[in-house]
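The structure under discussion appears below in the form of structure tokens.
The values are calculated or read from the model by the stated rules, or taken from the named source; none is laboratory data. Here the structure is a predicted model, which means the values were calculated and not measured. All Cβ positions, glycine included, derive from the backbone under ideal geometry; neighbour counts span all protein chains shown. For the accessible areas, the whole protein counts, side chains as well, though only heavy atoms, and no ligand, DNA or RNA atoms are used. Shrake-Rupley method; radii C 1.70, N 1.55, O 1.52, S 1.80 Å.
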Amino acid sequence: MSWDSHMSWGAPFLTWRQPLPMVVVPAPIMNGWPQQFRSELAQTGLLTAAELDALMQSPREAGESVVRACVKSGMVAEEKLLQALAKSLHLKFTRLGEDEMDSSVRERVPTKAVFQYNVMPMRMENGCLLVATDDPFNLPMVECLRMASKSRIRLALSPRADIQKSLKRYYGVGAETLDELLQKNVVDLDMAAATIAKQDVASDDQEASVVKFVNQIIAEAYKERSTDIHLEPMENDLRIRYRVDGALHQVPVPAQLKRFQAAIISRIKVMANMDIAERRLPQDGRINVRSSGAEIDVRVSTIPTPYGESVSLRLLTRNSIFLGLDKLGLYDADAKLVRKLVELPHGIILVTGPTGSGKSTSLYAFLSTINSIDQRIITIEEPIEYELPGVNQMQVKSEIGLTFASGLRHILRQDPDVIMVGEIRDLETAEIAIRAALTGHLVFSTLHTNDAAGAVTRLLDMGIEPFLVSSSVEAIIAQRLVRTLCPSCKTAYTPDPDLLKEVGYPMQHDSTTFYRARGCEECRFTGFRGRMGIYEILVMHENLRPLIIERAASSAIKQAACAGGMKTLRDDGWAKVRAGLTTVEEVARVTHEDEALAAS
């Protein structure tokens with residue numbers, strides 16, 4: 001059966017052949033369902049007569065596509081339905097990620113119409129504009145596209161999710177909102193940020209659109225599991241990047257975004273209760289938002305640059321921090337050891353690693369584990385990243401003299417059982433923390449060192465006496481975050497033996513099945529989805545204390561700890577490689593081989 005033989009179906013296919021202009025004849029409606037959809041669905045054979053009758057009698061929301069409503073009923077899967085309809089209607093079924101797209105045709109259709117009808121202009125074919133849709137029965141959509149593009153329309157069927165991903169990729173996040181701003185033409189491009197924020201009711205439409213755009217950027221970042229959003233002004237562009245699983249990804253945004261830079265940054269500063277008139281000095285603020293039912297704390301930081309203020313937003317989801325020790329990536333033996341350590345009556349437990357290695361997450365997990373009615377826990381942090389019920393949390397405010405050292409001194413007068421110090425940065429803070437540990441308090445804190453043994457050297461370099469370090473520190477936990485392989489697309493392979501030798505992989509595990517990242521839509525074609533920790537747990541056994549008192553090098557302390565059973569960061573990383581959770585390259589990227597251990 002040819003395409004032309006289906007001209008009797010109704011307006012969607014008449015518009016493909018008829019000259020401009022034309023009158024759309026609405027398709028017959030039965031109980032909210034087009035009669036044409038019933039007949040075509042019956043021809044596919046996907047539903048029995050009884051199921052078809054039940055579907056036609058079920059209510060359909062106003063404006064909801066018939067395909068979407070049918071899929072929501074649970075009677076048939078979307079892709080299977082679209083493939084059957086495409087065959088029945090003699091249309092093309094396509095997965096947009098694999099099909100050819102022509103950027104020039106996107107100028108033919110207004111952005112507002114594209115997002116309103118959830119369609120994706122693909123290319124010109126035989127004088128017709130090929131448009132991907134998930135609803136071939138939407139008569140107003142076809143007529144709108146025909147009138148706007150001044151072209152005959154040919155439909156291709158594609159899953160709704162594919163279309164939405166393509167819209168994001170080719171039009172950019174918030175494209176329809178930016179298009180509204182351009183259409184309204186109410187933005188004064190030379191207006192200062194302070195003036196924009198003080199506009200009166202005449203600019204309500206513009207302000208509403210800017211608010212909507214900022215909300216879309218934050219909501220999209222949360223949906224993509226981003227931890228940070230960076231808005232970076234450049235000479236001719238406003239670049240937006242998300243940090244996902246520790247790696248930066250540039251967000252596709254509309255080309256005209258630079259024109260609205262001042263309004264967008266002003267909106268963010270208003271939300272964060274920052275001074276919108278001050279653009280010469282760095283500022284910090286905080287926003288509380290809700291997205292998809294989740295409470296999100298957004299820490300905002302601005303710095304001046306030659307092309308405007310650069311804005312960074314750190315997204316902290318309250319629900320994600322309440323992790324048990326079993327969710328940190330610790331193996332059973334390590335989790336049991338850590339649980340024993342965090343239940344000690346006194347001493348210092350240090351967590352080390354570079355910025356962004358998950359130290360705060362680990363500390364909060366430790367506190368959550370021991371948080372109970374019979375424990376008085378007080379923290380001093382900069383800033384308070386997550387609020388823990390039942391824990392007394394204090395934030396550093398150096399501008400009024402509230403530092404880690406001064407705050408810690410006052411905490412000791414509050415009868416605490418457990419103290420958490422966000423970071424030990426100087427001698428004074430270290431001395432007070434050690435004094436607290438020696439007087440019967442359990443102290444958690446962090447240091448920026450490469451490995452666990454390096455924390456001892458760092459404390460000695462600060463000026464702490466060796467005997468105080470050896471008697472107060474109970475354990476040091478070094479950690480890193482490695483990206484975990486996407487379960488949807490990871491593939492087994494045989495790595496190059498030279499590579500394994502170069503990174504120091506223990507070759508005795510020759511039966512290991514190695515996996516690598518391939519990339520798919522689920523993981524943004526990176527091959528990784530999520531992160532997990534790798535750990536190095538140094539417990540202060542008696543064989544280590546004499547080395548500390550003698551001011552031995554960190555390499556000697558590490559060798560002695562490994563001789564006593566400590567696993568290094570790489571050892572734990574290799575265990576996760578053997579478990580098929582990550583790759584050899586990923587472990588090598590975030591760790592460095594200890595030459596002293598290799599030599600021994």
Among the numbered conditions (1) of a type outside the set (A, V, I, L, M); (2) touching a Pro at 6+ places or on another chain (Cβ under 7 Å); (3) modelled with pLDDT of 95 or more, tell me where residue 448 comes up short. (3)
Does residue 266 count as closer than 22 Å to residue 355 by Cβ, buried (at least 20 other Cβ atoms within 10 Å of the Cβ) and of a type in the set (Ser, Thr, Tyr)? no
Which number in (1) modelled with pLDDT under 95; (2) touching a strand residue (DSSP E or B) at 6+ places or on another chain (Cβ under 9 Å); (3) within 22 Å of residue 476 (Cα to Cα) marks the one condition that residue 396 misses? (3)
Return yes or no: is residue 532 in a strand (DSSP E or B) and either out of contact with any Gly (no Cβ under 7 Å at 6 or more places or on another chain) or over 25 Å from residue 461 (Cβ atoms) (or both)? yes
So which of 294, 219 is among the small types (Gly, Ala, Ser), more than 18 Å from residue 172 (Cβ to Cβ), open to solvent by less than 60 Å² (accessible area, probe 1.4 Å) and at pLDDT below 90? 294
All conditions in (1) open to solvent by less than 40 Å² (accessible area, probe 1.4 Å); (2) under 23 Å from the mean Cα position of the chain (by Cα) are true of residue 589 except (1)
Any hit, region 350-360, residues being in contact with a strand residue (DSSP E or B) (Cβ under 6 Å, 6 or more places away or on another chain), modelled with pLDDT of 95 or more and under 21 Å from residue 413 (Cα atoms): no
Residue ranges of strands (runs of 3 or more DSSP E) in region 331-406 with at least 1 members open to solvent by 30 Å² or more (accessible area, probe 1.4 Å): 392-395
Residues that are within 30 Å of residue 361 (Cα to Cα) and out of contact with any Asp or Glu (no Cβ under 7 Å at 6 or more places or on another chain): does region 255-264 have at least one? no
Might you let me know whether region 161-175 holds any residue that is under 30 Å from residue 279 (Cα atoms), modelled with pLDDT under 90, open to solvent by less than 10 Å² (accessible area, probe 1.4 Å) and of a type outside the set (A, V, I, L, M, F, W, C)? yes
So which residues in region 112-140 are open to solvent by less than 30 Å² (accessible area, probe 1.4 Å), touching a residue at least 60 places away in the same chain (Cβ under 8 Å) and not in a strand (DSSP E or B), if there are any at all? 114, 134, 135, 136, 137, 139
Screening 435, 425, 458 for residues that are more than 20 Å from residue 477 (Cα to Cα) and surrounded by fewer than 22 Cβ atoms within 10 Å (Cβ to Cβ) leaves only 435
Please work out which residue is most open to solvent (accessible area, probe 1.4 Å), limiting yourself to region 491-526 and to residues that are hydrophobic (A, V, I, L, M, F, W, C) and without any contact (Cβ under 8 Å) to a residue 60 or more places away in the chain. 525
Does residue 72 count as modelled with pLDDT of 85 or more and either under 23 Å from residue 145 (Cβ atoms) or surrounded by fewer than 17 Cβ atoms within 10 Å (Cβ to Cβ) (or both)? no
Please identify the pairs in which a residue from region 540-562 that is part of a helix (DSSP H, G or I) has its Cβ atom under 6 Å from the Cβ atom of a residue that is open to solvent by 70 Å² or more (accessible area, probe 1.4 Å) and of a type outside the set (Ser, Thr, Tyr), counting only partners at least 6 apart or on another chain. 549/467; 560/543
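Conditions tested, residue by residue: (1) open to solvent by less than 50 Å² (accessible area, probe 1.4 Å); (2) over 24 Å from residue 129 (Cβ atoms).
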position: 42; (1), (2): no, yes
position: 47; (1), (2): yes, yes
position: 57; (1), (2): no, yes
position: 67; (1), (2): yes, no
position: 76; (1), (2): yes, yes
position: 84; (1), (2): yes, yes
position: 91; (1), (2): yes, no
Matching residues in region 298-327 - criterion: being at pLDDT 85 or above and in contact with a Phe, Trp or Tyr (Cβ under 8 Å, 6 or more places away or on another chain): 315
May I ask you to say which residue of 79, 100, 107 is outside any helix (DSSP H, G or I), farther than 18 Å from residue 42 by Cβ, under 32 Å from the mean Cα position of the chain (by Cα) and not basic (Lys, Arg)? 100
Checked pairs for region 396-423, first at negative phi and free of Cβ contacts under 8 Å to residues at least 40 places away in the same chain, second open to solvent by 50 Å² or more (accessible area, probe 1.4 Å) and in a helix (DSSP H, G or I), C-beta under 7 Å and 6 or more apart or across chains, list as 405/428
Run residue 11 past the list (1) open to solvent by 40 Å² or more (accessible area, probe 1.4 Å); (2) modelled with pLDDT under 80; (3) not hydroxyl-bearing (Ser, Thr, Tyr) and report the number of the one that doesn't hold. (1)
